[in-house]
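What follows draws every value from the coordinates through simple rules; no lab data is involved. These numbers were taken from a predicted model, which means no experiment stands behind them. Positions of Cβ are backbone-derived with ideal geometry, glycine not excepted, and every protein chain shown enters the neighbour counts.
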Amino acid sequence: MLLDQKKLFFYYFFILICLSAVLFSNPFLRYPYDMIHHLIVIDDIYAALTTSTEKLVGIWSNNIYIMIPTGEYEEVALSRARYIWHYAWATVFNIAGIDSAQMILRAKIIHIVQIYLTLFSIYFFSKVAIRNVFKTIDALTLKWLSLWSVIIWLSIFATFSGAYHQVWIMWYSVNYQITLPLFWHITALTLVLLLEDTSWKKKLFFIVQIIIISRFMLQAHSMEFMYYLMHVFIFSLVFIDKLIFLFKKYIYLLLPIVFTVWYFMKNYQTENSAIFNYLSLEKLPELYEKILREGNILLHGYNRASGTVNELMYFIGLLSIVALSHILWRTLKNDTQVIHTRILIYLTLTSLFVLIPLYQFSGGLFAVITKTMVVNRLYYSSSLFILLPIMIYYIINTYGLRLKTINIVLALILFCVTIFSKHNDTLNHNYYKNIQSIKYSFIERRIGFNLSKKQIAIIGKILNMYESNRKDEREIFYYARADIAFVIKYIYKKNVYWKGRRVNPDFKKHYEESKHNPDYKHILFEIPKNFPEYRPYS
């Protein structure tokens, strides 16, 4: 008993260290990447909530009144309904009194909160899936395997953009695509409802969660709801007999649920799929040609395989083939199995979603269903990350070895794959880059905003100096390079020549053209000598 308590204490101590480490990580905030857009929109909506402004408009979007940017400075890049995420965070900052001057703090808060939500969602899905795969598994082993699944998920999925290669959580910690972990959460809830015996109160609570979260996902970013339907479809194929039984038993509940989901999909999704334009017999040849055409585009780099497919994916795939072959062999021999085979089949089939962007027809099909430029995100719908802990536990448990051995083996696998990836360029060192991305999240100057907090404060002091030296009542209009102009406009709320985050204009030329305009006192911001050079997307 005492030994078990020590093991449990060590587990929770390790969890505490991991959760505490998140507090010391930093959001990716390089200007002018997309997370800057999200911070701008949150700030615009925050301004509308706190002061009267003509730069925002309010709309009724799916029964929720939200405010969106007009596009005067920052383009309205998303469909209007998606700004529900920005509106929610602007409301939080309004209530908390975290103003525009603390924009970097806002990013840090969003980053930490959404990482915690992500970790919980992945852990919850992993725990539900693993405890249903194995017929008997002790609680502590289940906890460790679920934790390893989270660690693998954090390190296995990544992509690149511009000069940066980042794991998923670093690209999207300040982003409305929190819908991805929410997808894993409602998938776990669905598995509980379909596979486990729970009280009607819990079932009702889980169903309400699924409906509310689905509603949010369909509005904020509906692609993740498609992932959910893909998982439900695969589960339905594997457990068709069980679903027929449940349908007959609970038809009075299932029909309203199905109708509710259909209603949300029809009325609240923000984008319509192009595939509905081809669903007729005479258009099927045209659909086939379009699928092949879009798939060919994906295979020429737009599936981002060169930055996503990594060594750990290959290792998990090969190990799974070996382990599944052994399971099949034992099944054919009618040996006693320690696993529920059908649940493992479901997880194996959904892990194959990682292959969808890699083949012409499958990638092209989903390009028509969604959009060509987002098919690469289908990698993230894969349950591949959970197979490694399951297979290792299955193999080691066959020989009756202890939990300590399982943890050591999993740690050694990740370490060895990292070393292999570092010294082998077959897959562009991708897994090693993923690990580096996690490492750099703790080094603010590697991934934080282009200017340090100290340098932002220096900008404020320089602005105060310009203000104090003003000799007339005219407002000052500043001209500065893009990253400094962003700070002047959004943190210090001063007039500055700025034409959106994607634009890097010749501010010196515009200063020369405008300096004789008598309406303002025009000042060319003098950049301190110790400030870093600014190169967009670098």
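Laid out as a table, the results:
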quantity: Residues residue 243 and residue 415, FRET efficiency given R0 of 45 Å [Cβ-Cβ distance, rounded to 0.05]; calculated: 0.60
quantity: Gain in span if fully extended, residue 8 to residue 476, counting 0.36 nm per residue against the direct Cα distance; calculated: 162.3 nm
quantity: Whichever lysines have a C-alpha closer than 23 Å to that of residue 529, once near sequence neighbours (fewer than 8 apart) are set aside; calculated: 453, 454, 461, 489, 494, 508, 509
quantity: Helix axis angle, 430-440 relative to the chain longest principal axis, alpha carbon, degrees; calculated: 50
quantity: Distance in nm between pseudo-label sites at residue 442 and residue 520 (7 Å out along the Cβ direction from Cα); calculated: 4.4
quantity: 0 to 90° range, to nearest 10: angle between helix 34-50 axis and the chain longest Cα axis; calculated: 70
quantity: Over the chain: helical MRE at 222 nm, DSSP H runs n ≥ 4 each giving -39500 (n - 2.57), nearest 500; calculated: -20000 deg cm²/dmol
quantity: Segment residue 211-residue 116, extension gain: residue separation times 0.36 nm, minus the distance between their alpha carbons; calculated: 32.0 nm
quantity: Rounded to 10°, Cα long-axis angle of helix 84-96 versus longest principal axis of the chain; calculated: 70
quantity: Label-point separation in nm, residue 454 to residue 202, each point 7 Å along Cα→Cβ; calculated: 5.4
quantity: Contour excess over end-to-end distance, with Cα ends at residue 334 and residue 50 and 0.36 nm allotted per residue; calculated: 95.4 nm
quantity: Sequence-separation-based contact order of the chain, relative, with Cα cut under 8 Å and 6+ spacing, percent; calculated: 20
quantity: Identified option (computed semi-axes √(5λ) of the Cα gyration tensor in Å; candidates [x] 47, 26, 18; [y] 46, 28, 23; [z] 55, 28, 22); calculated: [y]
quantity: Mean Cα-pair separation over length for segment 108-169, i.e. relative contact order, pairs under 8 Å, 6 or more apart, %; calculated: 27
